[in-house]
């Protein structure tokens with residue numbers, strides 16, 4: 001190929017530079033000249049296409065073709081080497097009606113996504129600490145040190161961390177036992193006991209005890225008033241949307257309507273989201289018994305009136321609205337965390353050897369804790385590159401204005417790396433939703449005990465390469481892809497860079 | 001006085017944060033090396049810290065570790081180097097054309113390449129990719145990794161390089177053109193020298209990506225002698241009885257090529273990333 005390129009005539013000059021023949025001699029054959037100009041342009045272009053050929057062909061064949069093929073194959077019953085039938089929308093119907101494991105895996109991925117949103121921040125703070133060092137020399141040394149861990153192959157890193165979490169002889173359990181934190185965990189966990197009178201298992205002490213009290217509160221107070229904790233969160237969201245942070249009225253109403261739909265479902269079905277399939281969600285929200293509706297409708301109307309009034313002179317202090325919304329959401333989150341997560345003793349802490357990777361109730365906490373202190377070394381260096389565009393004057397000016405070191409984080413540094421942060425956010429989201437390699441390595445293709453570590457990606461992998469349902473896997477992939485696309489669009493709209 | 005004191009306390013705080021973070025990043029590295037020096041007995045007695053230097057089992061563990069991963073390291077080096085080299089050649093040529101010329105279809109090509117960044121491959125893409133590879137007869141073939149490594153490297157590389165080449169003054173290219181330089185000569189004499197550091201950084205990042213690639217080799221390779229490093233490590237991990245000493249020595253051996261790579265390119269890499277050219 002390179003021989004073709006080198007024997008090709010040297011670049012035809014840019015169209016703009018083509019020497020124009022003097023008008024006097026041009027008279028006899030203008031058409032031929034024009035044709036030769038067209039010809040030389042074509043030749044010029046074809047050389048360019050040739051130079052890009054490898055990339056373009058490669059992208060089309062090895063990147064786009066498989067992706068388009070997923071779309072087509074999702075309509076086929078395709079079990080390799082035996083069956084290949086067109087079946088229309090049947091896979092999609094099955095996904096929405098009879099595949100609870102797929103939707104269960106989405107529950108895990110949502111939890112992981114929320115955890116990763118928190119886990120993004122340590123890198124930012126480490127980069128800020130690095131940026132604020134006074135000595136350039138020290139900073140360079142740290143920069144080099146941050147690169148060094150990259151020499152370990154990712155697989156080795158994973159396997160070593162896996163050995164840290166082993167039940168017997170793992171360093172995590174060793175640390176917890178040595179510091180006495182294990183007995184604290186044991187105390188928090190409580191121990192299962194049996195109620196003599198009823199013969200039922202009751203928890204005695206610690207977090208499960210608290211959870212019982214919290215869910216009692218949930219049932220006694222929240223259920224009748226707002227239809228449960230998810231309704232409380234929805235209400236908080238609706239109030240928060242009314243706050244001035246949402247500038248345009250149209251956008252506010254859109255978010256509000258969305259939240260209203262969600263709230264109707266939460267209040268009506270009183271079911272935690274993602275427990276049932278979205279298909280059921282939509283249907284459920286339409287079939288809400290009318291008796292449930294009056295209270296949320298009252299709220300909705302009242303809030304709608306407030307939102308409408310806010311276009312005129314403000315009746316309510318806007319920042320207070322935001323505070324109320326935030327408090328409601330925080331209270332809802334607290335009820336969920338305290339009342340719905342640690343509801344039963346996990347066990348194993350008493351013997352000092354909880355199996356972090358084996359116990360299905362410890363797998364999710366392990367995945368969340370994984371990689372402490374969550375500083376990605378490349379991420380730090382990239383943020384640092386963004387931070388170094390800040391000139392010293394900005395700091396001095398801020399100091400004169402009396403901005404403290406913490407204030408500077410929010411006033412100067414975060415705004416400057418917001419673009420980078422947003423890019424990272426998008427890629428982190430895509431990565432979390434599609435990723436499954438770590439779960440595969442740590443827990444195997446079926447996602448460990450009780451499929452506790454099953455994420456959608458892993459489920460697709462399992463359906464295809466272990467169950468040989470290629471077509472079904474493609475349909476699952478399409479569902480997932482659609483969700484990612486929606487999330488990316490939402491990010492593009494709402495996580496704006498404001499300068 | 002008190003201000004200076006406050007300043008130095010703030011300095012110490014920052015150092016404290018960074019050392020804490022780096023401690024966690026380095027600890028797996030230290031554990032790996034420490035265990036690779038241990039016999040099974042020593043591991044059972046004292047798993048996570050170094051023994052006295054006299055009791056190290058370096059030779060025995062490392063030679064066994066080397067034997068277990070040798071072939072896979074060779075496979076990984078060949079495929080990663082091949083993939084990165086091909087990716088760089090293709091990306092430089094494409095970004096040169098996209099940055100310098102207007103022609104019909106330019107937008108389509110550019111956004112076609114960049115857009116695939118936002119069309120993430122899900123696990124389902126692995127299925128159709130596998131099918132494509134099988135139809136092309138590339139199962140169990142090291143070339144597969146080179147081809148896919150090169151293609152998947154295009155997106156980020158073209159995105160960054162195109163911006164970089166656009167910043168090179170036009171006059172440089174024009175004067176070279178007047179001197180009769182063809183496209184390849186312009187790339188060779190102008191683009192490559194001027195974008196050396198960013199090219200190097202990109203190449204290193206892509207090498208890391210190729211070195212760590214797991215899923216494609218996992219579905220493509222059947223024969224053990226073709227296994228790359230991640231596959232081989234996964235296979236070793238699956239053994240029921242583990243001898244941690246030689247195993248960790250094997251892990252360490254698989255890091256050596258990357259150690260060598262960074263030893264020679266560290267300065268360039270830190271500079272390349274710090275220049276802020278690699279975004280996203």
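Rule-based calculations on the coordinates, nothing more; no lab input. Note that the structure is predicted; figures quoted are calculated from it, not measured. Heads up, the Cβs are rebuilt from the backbone with ideal geometry, glycines too, and the neighbour counts pull from every protein chain shown.
Here are some notes:
- Net length available on complete extension from residue B:239 to residue B:172 is 18.2 nm, with 0.36 nm assigned per residue and the Cα-Cα distance removed.
- From least to most packed, judged by other beta carbons within 10 angstrom and beginning with the fewest, B:108, B:22, B:136 follow the order B:108, B:136, B:22.
- Candidates B:36, B:197, B:116: whichever shows maximal mean-square fluctuation once chain B is modelled as a Gaussian network with Cα springs under 10 Å: B:116
- Between residue A:82 and residue A:98, the modelled label-to-label distance comes to 1.7 nm, taking each label 7 Å out from Cα in the direction of the beta carbon.
- Gaussian network model of chain B, springs between alpha carbon atoms under 10 Å - residue of B:198, B:165, B:178 with greatest fluctuation: B:178
- Model label points for residue A:378 and residue A:490, set 7 angstrom from Cα along the Cα-to-Cβ axis, are 2.7 nm apart.
- Paramagnetic reach from residue A:68 (point 7 Å along Cα→Cβ, amide N under 17 Å) across region A:38-56: A:55-56
- Estimated [θ] at 222 nm from DSSP helical runs (n ≥ 4, -39500 (n - 2.57)) normalised by residues in chain B, nearest 500: -25000 deg cm²/dmol
- Using the Cβ-Cβ distance between residue B:188 and residue B:2 with R0 = 51 Å, the FRET efficiency computed as 1/(1 + (r/R0)^6) comes to roughly 0.25.
- Counted by neighbouring Cβ atoms within 10 Å, the residues A:151, B:191, B:158, B:19 run from fewest to most as B:19, A:151, B:191, B:158.
- Simple spin-label estimate for residue B:163 and residue A:209 in nanometres, 7 Å along Cα-Cβ: 5.7 nm
- The Cα center of region B:114-193 and the Cα center of region B:1-67 differ in position by 40 Å.
- Across peptide B:182-189, the mean count of Cβ atoms from other chains lying within 10 Å of each residue's own Cβ comes to 4.
- Förster-model FRET efficiency, 22 Å R0, residue B:108 and residue A:427, C-beta, rounded to 0.05: 0.35
- Ranked list, fewest to most other Cβ atoms within 10 Å of each Cβ, for A:38, A:403, B:21, B:220: A:38, A:403, B:220, B:21
- Förster-model FRET efficiency, 25 Å R0, residue A:360 and residue A:110, C-beta, rounded to 0.05: 0.90
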